[in-house]
Amino acid sequence: MSKSGIVASVIGGLVLIVLLTIGGWQLGWWLKDETVNRNAEILQDSYGRQNALVEQILDDVREVEAGNLPPQQVIAITSQICDSAAKLTGTIELPMSAQSFVAREC
């Protein structure tokens, strides 16, 4: 084999190693991202998370309905209630008073 053939083989081998390294690195990040997303979905649907959302909604509804908050704070808390209510999957039902608040405000 000639010197130019050996040099071309070495350069080709180095390029292949670099491409495999970069591809493996990208694959690792993709797998990590997929795992995090899957775990987040599982945790979002867990009973503990759903219970925490219900408790938060009930506390916030009580706070808003107490009537002693500035209007801007009522808007912010109501927005938070609507966001939390959108994450509920139905495994735990809200009491009727909280359901009517969510239906009226969201």
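The values are calculated or read from the model by the stated rules, or taken from the named source; none is laboratory data. Predicted model, so just to flag it, every value in this text is computed and none were measured. Cβ sites come from the backbone with ideal geometry, for glycine too, and all protein chains shown count toward neighbours.
Descriptive notes on the structure:
Table: residues versus (1) surrounded by fewer than 10 Cβ atoms within 10 Å (Cβ to Cβ); (2) closer than 30 Å to ILE92 by Cα; (3) not assigned by TED's automatic domain parsing to the domain that holds ALA86.
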position: MET1; (1), (2), (3): yes, no, yes
position: SER4; (1), (2), (3): yes, no, yes
position: VAL7; (1), (2), (3): no, no, yes
position: VAL10; (1), (2), (3): no, no, yes
position: LEU19; (1), (2), (3): no, no, yes
position: ILE22; (1), (2), (3): no, no, yes
position: LEU27; (1), (2), (3): no, no, yes
position: GLU34; (1), (2), (3): no, yes, yes
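- Apart from one condition, ASP45 fits all of (1) in contact with a helix residue (DSSP H, G or I) (Cβ under 7 Å, 6 or more places away or on another chain); (2) in contact (Cβ under 8 Å) with a residue 40 or more places away in the chain; the exception is (1).
- Of everything in the range 67-105 that is in contact (Cβ under 8 Å) with a residue 40 or more places away in the chain and not in a loop (DSSP other than H, G, I, E, B), the residue that is farthest from ASN51 (Cα to Cα) is PHE101.
- Filter result for GLY48 (assigned to a loop (DSSP other than H, G, I, E, B) and within 22 Å of the chain's Cα centre (by Cα)): no
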